[in-house]
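Take a look at the structure set out below.
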Amino acid sequence: MPEVVTLELPPNLAQKAREIASLTHKPLETVLLEWLDYALTDLPVASLPDAQVLSLCELQLEPEHQTRLDDYLSRQREGPLSMQDQQAMDDLMQLYRQGLVRKAKALQVAVQRGLRPPLSP
């Protein structure tokens, strides 16, 4: 069951949220919930429990995303992609890069906590 929480937002944050809600044709509450959900999935690795850190050490693209990215890269080698396909490929590459950075941070934290041995002596 959802929990109702009342927040007082700083004016600049409230204005930005209203702008995004208007541009995306979403209710203000939906935009704020999406932001909170995103923030939850992007918590600093050092603040995560050991099990989650170790899980992030094995992070990979979802198989569906990997298949799509492989397809775009293959098609790009054959010739230019449409603007829409190029944007989709760029979005997947950004997701891939973010995952690599998160995985690297997790490996660093795991080594610092003694959960994994260093990658090199």
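Counting only residues that are surrounded by 12 or more Cβ atoms within 10 Å (Cβ to Cβ) and in a helix (DSSP H, G or I), segment 55-81 holds 13 of them.
Residue by residue, here is whether (1) under 20 Å from the mean Cα position of the chain (by Cα); (2) surrounded by 12 or more Cβ atoms within 10 Å (Cβ to Cβ) holds:
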| site | (1), (2) |
| --- | --- |
| 85 | no, yes |
| 91 | yes, yes |
| 96 | yes, yes |
| 99 | yes, yes |
| 105 | yes, yes |
| 112 | no, yes |
| 116 | no, yes |
| 120 | no, no |
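So for segment 73-93 (the condition being free of Cβ contacts under 8 Å to residues at least 12 places away in the same chain and under 21 Å from residue 39 (Cα atoms)), does at least one residue qualify? Yes: segment 73-93 contains one or more residues that are free of Cβ contacts under 8 Å to residues at least 12 places away in the same chain and under 21 Å from residue 39 (Cα atoms). Note on segment 82-113: among residues that are among the polar types (S, T, N, Q) and assigned to a helix (DSSP H, G or I), the one that is nearest to residue 66 (Cα to Cα) is 94. Among the residues in segment 7-30, are any within 16 Å of the chain's Cα centre (by Cα), among the polar types (S, T, N, Q) and assigned to a helix (DSSP H, G or I)? Scanning segment 7-30 turns up no residue that is within 16 Å of the chain's Cα centre (by Cα), among the polar types (S, T, N, Q) and assigned to a helix (DSSP H, G or I).
Taken over segment 94-107, residues that are of a type outside the set (Gly, Ala, Ser) and in contact (Cβ under 8 Å) with a residue 40 or more places away in the chain amount to 4. Being outside any helix (DSSP H, G or I) and either under 20 Å from the mean Cα position of the chain (by Cα) or in the same structural domain as residue 89 (by TED's automatic domain parsing) (or both) holds for only one residue in 43, 33, and it is 43.
The values are calculated or read from the model by the stated rules, or taken from the named source; none is laboratory data. Only a predicted model underlies this, so the values are computations on that prediction, with no experimental measurement involved. Glycine also receives a Cβ, built like all others from the backbone with ideal geometry; neighbour counts cover every protein chain displayed.
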